[in-house]
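S.K.: Mind looking over this structure? Questions follow.
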Amino acid sequence: MIRPSGEISRRDAIRVGLGVGLAITIDRLDLFAASPQQATLIEKAIPSSGEKIPVIGMGTARYFDAVTPELREVIKRFPELGGKVIDMAPSYGSAESVVGDIIAELNARPRYFLATKVTGPGSDRESGARQLEESMRRLHTDKIDLMQIHNLIGVDQRLPLIREWKQAGRFRYIGATTSFARQYDAFEKLMREQTLDFIQIDYSIDARAVEQRILPLAADRGMAVLVNSPFRRGRTFERVQGKLLPAWAAELEVTTWAQLFLKYLAAHPSVTCVIPGTERVQFLVDNMVATHGRLPDAELRKRIERYYDGLTA
Ligand SMILES: NC(=O)c1ccc[n+]([C@@H]2O[C@H](COP(=O)([O-])OP(=O)(O)OC[C@H]3O[C@@H](n4cnc5c(N)ncnc54)[C@H](OP(=O)(O)O)[C@@H]3O)[C@@H](O)[C@H]2O)c1
């Protein structure tokens, strides 16, 4: 039901979540009937440009092998639910082709912030250049929003290459990724020595090592941070299996552990956008709730940490 204020009821919001297909945008959804405030999109600025992006995006590792009805729905619904950043890589099966084909089919390129990577095999400049052309072709675009060096592969040859392509207007931003603690020292050195728009790093409530040096360094160096593996590929949920959320989580307008974890990560002052991976509409809808409402302050983040640390699997 549309109320005079333009909000809709929680029941309708849930129906939208289940795909009944009301043609309304998420910023008009009153997702939380209990809250007097209308749900609002939470965005953060990319330090190098000031451009704002929603704090929850999505990842595509492992799942995107072919265009299926569910993946089509996931990609279509993502911006409707407030998302923009999709992270891919040439090594993630057919992720670039699947995402590129669906967006082309929808004729909706401007609604997405496409992030992909230059990766192995091969670490030289020539194999890198071939991959960049391929990514452009698969994504059906002449401009990729963010090109990242994947796991520091061939960084000495490829970073100058992607910088040149950025200068030529083919990428809007450049960056580098890792999810391996053994690469952190080399990653920090790269962050200190190079100018990058973005870094992408693994961070979750049960793996917080990057809080020590990498996240503060990103803030010092003016680099945006994408958070990968926010659920440690699902392992973060083991400790909360069968456990109810604490009552005080209601303050954050969250109803699931996934939403609580995502808001916890997105609230870190250095973090710009968290990219949980999923292929399912149900999880997408769940995760995107976390890009609305409010984020925890420093005190509430500590409380979430203490609560999680005190749980046993
Ligand atoms: N070095 C790098 O550059 C690097 C490394 C790792 C990841 N990444 C990027 O980061 C993205 C995220 O990491 P990830 O996919 O490895 O792991 P993740 O996001 O930590 O976890 C994905 C797992 O969580 C499950 N899940 C998602 N949403 C859920 C929800 N609301 N409730 C319960 N379970 C949920 C998924 O289930 P289903 O499988 O059932 O959907 C999947 O098993 C990747 O997709 C990729 O784009 C980059």
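The values are calculated or read from the model by the stated rules, or taken from the named source; none is laboratory data. Predicted, not measured: the structure shown is a model, and the values here were computed from it. Cβ sites come from the backbone with ideal geometry, for glycine too, and all protein chains shown count toward neighbours.
S.K.: Sort out for me the helices (runs of 4 or more DSSP H) sitting completely within the stretch 144-244 that have 1 or more residues that are at pLDDT 95 or above and touching a Gly at 6+ places or on another chain (Cβ under 6 Å). Spell out the reasoning first.
M.R.: Values: elements: 155-167, 184-193, 214-221.
Correct list: 155-167.
S.K.: Without any contact (Cβ under 8 Å) to a residue 60 or more places away in the chain, more than 14 Å from the ligand (Cβ to nearest atom), surrounded by 19 or more Cβ atoms within 10 Å (Cβ to Cβ) and under 21 Å from P276 (Cα atoms): which single residue out of I103, I46 fits that description? If you could, list the steps in order and put the result at the bottom.
M.R.: Working: I46 fails: without any contact (Cβ under 8 Å) to a residue 60 or more places away in the chain.
Exactly one residue qualifies, and that residue is I103.
S.K.: Any idea which of I144, I153, I214 is surrounded by 13 or more Cβ atoms within 10 Å (Cβ to Cβ), assigned by TED's automatic domain parsing to the domain that holds K302 and closer than 30 Å to L260 by Cα?
M.R.: Of I144, I153, I214, the one residue that is surrounded by 13 or more Cβ atoms within 10 Å (Cβ to Cβ), assigned by TED's automatic domain parsing to the domain that holds K302 and closer than 30 Å to L260 by Cα is I214.
S.K.: Moving to a separate point now. Which fully enclosed helices (runs of 4 or more DSSP H) of the stretch 51-139 have 2 or more residues being modelled with pLDDT under 95 and under 18 Å from I153 (Cα atoms)? Break it down stepwise before answering.
M.R.: On the way: elements: 69-80, 95-106, 125-139.
Where helices (runs of 4 or more DSSP H) fall fully within the stretch 51-139 and carry at least 2 residues being modelled with pLDDT under 95 and under 18 Å from I153 (Cα atoms), they are 125-139.
S.K.: Does K263 qualify as being within 14 Å of the chain's Cα centre (by Cα), among the basic types (K, R) and in a helix (DSSP H, G or I)? Before you say what the answer is, go through the steps one by one.
M.R.: On the way: within 14 Å of the chain's Cα centre (by Cα): yes; among the basic types (K, R): yes; in a helix (DSSP H, G or I): yes.
Judged against the criteria, K263 is a match.
S.K.: If you don't mind, there's one more thing I want to ask. Only one of A266, A224, A219, A247 is closer than 25 Å to N151 by Cα and surrounded by fewer than 20 Cβ atoms within 10 Å (Cβ to Cβ). Can you tell me which? Steps first, please.
M.R.: On the way: A266 fails: surrounded by fewer than 20 Cβ atoms within 10 Å (Cβ to Cβ); A224 fails: surrounded by fewer than 20 Cβ atoms within 10 Å (Cβ to Cβ); A247 fails: closer than 25 Å to N151 by Cα.
That would be A219, the only listed residue that is closer than 25 Å to N151 by Cα and surrounded by fewer than 20 Cβ atoms within 10 Å (Cβ to Cβ).
S.K.: Counting only residues that are under 18 Å from the mean Cα position of the chain (by Cα) and without any contact (Cβ under 8 Å) to a residue 40 or more places away in the chain, how many does the stretch 215-232 have?
M.R.: Residues that pass the stated criteria total 1.
S.K.: Same structure, new question: Kindly establish whether E279 is touching a residue at least 12 places away in the same chain (Cβ under 8 Å), of a type outside the set (S, T, Y), surrounded by fewer than 20 Cβ atoms within 10 Å (Cβ to Cβ) and not in a helix (DSSP H, G or I).
M.R.: On the way: touching a residue at least 12 places away in the same chain (Cβ under 8 Å): yes; of a type outside the set (S, T, Y): yes; surrounded by fewer than 20 Cβ atoms within 10 Å (Cβ to Cβ): yes; not in a helix (DSSP H, G or I): yes.
Yes, satisfied.
S.K.: Follow-up question, since we're still on this one. For F237, are the conditions met, namely being aromatic (F, W, Y), within 15 Å of the ligand (Cβ to nearest atom), farther than 22 Å from N151 by Cβ and surrounded by fewer than 19 Cβ atoms within 10 Å (Cβ to Cβ)? Step through it out loud before you land on a result.
M.R.: Values: aromatic (F, W, Y): yes; within 15 Å of the ligand (Cβ to nearest atom): yes; farther than 22 Å from N151 by Cβ: yes; surrounded by fewer than 19 Cβ atoms within 10 Å (Cβ to Cβ): yes.
Yes.
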